[in-house]
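Enquirer: Have a look at this one before I ask anything.
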Amino acid sequence: MGSTPTALERCVGDASHFAESTWGRLPLLHRGGRPFDDVLDLDDVDAIVSSSTRRPAIRLVRDGVTVDPRDYSSSPRLGGRTVHDVADPDRVHAQFAGGATIVLQSLHRTNPKVATFASALEEELSHPVQANAYLTPPGSKGLAPHADGHDVLVMQLRGTKHWRVEGLGEITLEPNSTIYLPRGTEHEAATVDESSLHLTLGILRVTYRAAVRRILDADDDQLDAPLPLGYARRHADPAPLEAGIRAAVTSARERLTAAEADDIARRERTRRRPRRPRRGRLTSLVELDHLDTASVVGLRLGVVPQVELVGDRVHVRLDRCVVRMPPTVMPALDLLCRGQCVVVGDLPGLDAASQVVVARRLVVEGMLDIATSTAPSPQGHLSGHLIDRDLRSTHP
């Protein structure tokens, strides 16, 4: 039995071939993948439409034209106040029956299933991922022919849709199939005799241009100095402006020449942290009441801790804080940073009380999630005073 495919493999097949020959270069059609029901299905869309979703999380388009929000919105009272821009399910249904495409935007932020898949894909790509869904009725077209300013993966979830893609020609996309579109690839799509539901995953490229720009964006008195007053006047002396430009170019050249590729690469690797799905975080915090040596913990998806020894303390750098610990936790951190689920009582180099302290603090700071837990035991409860004394954190 083969291994479970990664998020990228589910979309493009051979991920290595995609990375070497397709990524950023050519469009790709991938057929016959496993079903995407775990990512999004029609019931999910129905639930979103029926749950007082507000614009711009939802919008409608018909034949390339945005439907006037007044034609499908209402202003109900929620919490004692009138809330505007709420999609009225009955009016949305009527618009859909009349040929309008339902667009659900930013599902990577609002839908747990999509967020989980998008986070896994983003962690694999190291480029930010966003997600929109499109439900189109039969014989209809949502968007006009266009090219996106970012790369796109199109996942066909239900029904079929006819596509015209620059570089691929005419395509009928069926369920469990995907299209990859590099940035700038012109395309359009329409349904024929059945409704279609597809999810688009927009990939926002992190470019070499951006990496170089970050070098130049560092403070530099010469580059940050203003151009001479009156430099654009008709009879202004061009010499001061030319001298300033020459000095600025020299400063930029020296800065780029002095930059070390390995340092820049290291900064780029640590700068970007994949977006983590929020689901499960609150559950883990609530389950802290029951965390003991029998509990199971693991790295949160997308968390890449940076562990270093600073003086007589170990620093664990996370997205929003630095957790300081005694050196005795290094073996436990090494095991946790491998990304596998670990029984708290198996954390090496610590006694039972310290194992619970370490696990609790790293859950609080967002490095770990609790996978399972058991009923609380006497050893599972330590005072906040002890936790704060042994494991202090600072927030930037």
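The values are calculated or read from the model by the stated rules, or taken from the named source; none is laboratory data. The shown structure was predicted, so the numbers you read here are calculated from the model rather than taken from an experiment. A quick note on method: Cβ atoms are made from the backbone with ideal geometry, for glycine too, and the neighbour counts reach across all protein chains shown. Ligands, DNA and RNA are excluded from the accessible area calculation, which covers all protein heavy atoms including side chains. Shrake-Rupley method; radii C 1.70, N 1.55, O 1.52, S 1.80 Å.
Enquirer: Which semi-axis lengths, in whole Å and largest first, follow from the square roots of five times the eigenvalues of the Cα gyration tensor of segment 39-118?
Expert: 20, 18, 11
Enquirer: Which number do you get for Rg(Cα) / (2.2 N^0.38 Å) in segment 225-369?
Expert: 1.70
Enquirer: Counting Lys +1, Arg +1, Asp -1, Glu -1, what net charge surrounds residue 196 among other residues with beta carbon under 11 Å of its beta carbon?
Expert: With Lys, Arg at +1 and Asp, Glu at -1, the net is 0.
Enquirer: Another question about this same structure. Report ³J(HN,Hα) in whole Hz for each residue of segment 65-72, in order, from the Karplus equation J = 6.51 cos²θ - 1.76 cosθ + 1.60 where θ = phi - 60°; Gly and Pro get x.
Expert: Couplings: 10, 5, 6, 4, x, 5, 7, 9 Hz.
Enquirer: Another question, if that's okay. Segment 299-331 to segment 169-246: how many Å between their Cα centroids?
Expert: 35 Å
Enquirer: Largest first and to the nearest Å, give the Cα extent of segment 1-86 along each principal axis.
Expert: That works out to 55, 33, 19 Å along the principal axes.
Enquirer: Can you give the Kirkwood hydrodynamic radius of segment 163-290 from its Cα pairs, in Å with one decimal? The partial results should precede the final answer.
Expert: Details: mean 1/r = 0.0471 Å⁻¹.
The answer is 21.2 Å.
Enquirer: Tell me the carbon and sulfur percent of the accessible area for the chain, rounded to whole percent, probe radius 1.4 Å.
Expert: Result for the chain: 51 percent of the exposed heavy-atom area is carbon or sulfur.
Enquirer: Taking only DSSP H segments of four or more residues, each worth -39500 (n - 2.57), what value at 222 nm results for the chain once the sum is divided by all its residues, to the nearest 500 deg cm²/dmol?
Expert: Helix contribution divided over all residues of the chain: -8500 deg cm²/dmol.
Enquirer: Looking at the chain, what % of the alpha carbon pairs are farther apart than 26 Å?
Expert: That tail contains 66 percent of the Cα-Cα pairs.
Enquirer: Relative to the present Cα-Cα distance, how much length would full extension add between residue 34 and residue 282 at 0.36 nm per residue of separation?
Expert: In short, 86.2 nm is gained.
Enquirer: Right, next: Over segment 1-85, what relative contact order in percent results from Cα pairs under 8 Å that are six or more residues apart?
Expert: 15 percent
Enquirer: Tell me the relative contact order for the chain as a rounded percent, counting alpha carbon contacts under 8 Å between residues six or more apart.
Expert: 14 percent
Enquirer: Per-residue HN-Hα couplings for segment 89-101, Karplus 6.51 cos²θ - 1.76 cosθ + 1.60 at θ = phi - 60°, whole Hz, x for Gly and Pro?
Expert: With the stated coefficients, segment 89-101 comes to x, 5, 6, 5, 4, 5, 5, 4, 4, x, x, 8, 8 Hz.
Enquirer: Here's a follow-up. What does the accessible area of residue 164 come to, in Å² to the nearest 10, when a probe of 1.4 Å is used?
Expert: 110 Å²
Enquirer: Assigning unit charges at the beta carbon (Lys, Arg +1; Asp, Glu -1) and nothing else, what dipole magnitude in debye, to the nearest 20, does the chain show about its Cα centre?
Expert: Around 820 debye, computed over the chain.
Enquirer: While we're here: Using mean Cβ contacts within 10 Å as the protection proxy, how do 52-64, 193-205, 79-91 order, highest first? Don't skip to the end; give the middle numbers.
Expert: Values: 52-64: 16.5, 193-205: 19.8, 79-91: 12.7.
By packing density, highest mean first, the sequence is 193-205, 52-64, 79-91.
Enquirer: Taking H as built 1.01 Å from N, whose amide H comes closer than 5 Å to the amide H of residue 58, not counting residues under 5 places away?
Expert: The list, which skips near neighbours in sequence, is 105.
Enquirer: Roughly how many Å² is the accessible area per residue of segment 71-198, as a whole number, for a 1.4 Å probe?
Expert: Per residue, segment 71-198 has an accessible area of 41 Å².
Enquirer: Then there is this: Take the Cα atoms of segment 50-95, build their convex hull, and give its volume per residue in Å³.
Expert: On the way: hull volume 3.0 nm³, N = 46.
Considering the Cα atoms of segment 50-95, their hull volume per residue is 66 Å³.
Enquirer: Now for a different question. Going by average Cβ neighbours within 10 Å, how do the peptides 107-116, 225-234 rank, with the highest at the top?
Expert: Those peptides, ordered most packed to least, come out 107-116, 225-234.
Enquirer: Same structure again: Mind ordering 20-27, 93-100, 213-220 by average Cβ neighbours within 10 Å, highest first?
Expert: 93-100, 20-27, 213-220
Enquirer: So what are the radius of gyration and Dmax for the Cα set of segment 289-375, in Å?
Expert: 11.9, 38
Enquirer: Just name one of 5, 26, 57: the one whose Cα is farthest towards the positive end of the charge dipole of segment 1-58 (beta-carbon charges, Lys/Arg +1, Asp/Glu -1).
Expert: The listed residue farthest towards the positive side: 26.
Enquirer: Could you list, bin by bin from short to long, the percent of Cα-Cα pairs of segment 1-149 in 5 Å steps?
Expert: 2, 8, 15, 17, 17, 16, 11, 7, 4, 2, 1, 0
Enquirer: Still on this model: I need to check one value: relative contact order of segment 60-116, counting alpha carbon pairs closer than 8 Å and at least 6 residues apart, in percent.
Expert: Values: 54 pairs, mean separation 17.9, N = 57.
Answer for segment 60-116 is 31 percent.
Enquirer: Please compute the modelled spin-label separation between residue 14 and residue 270, points set 7 Å along Cα→Cβ, answer in nm with one decimal.
Expert: According to this spin-label approximation, the distance is 3.7 nm.
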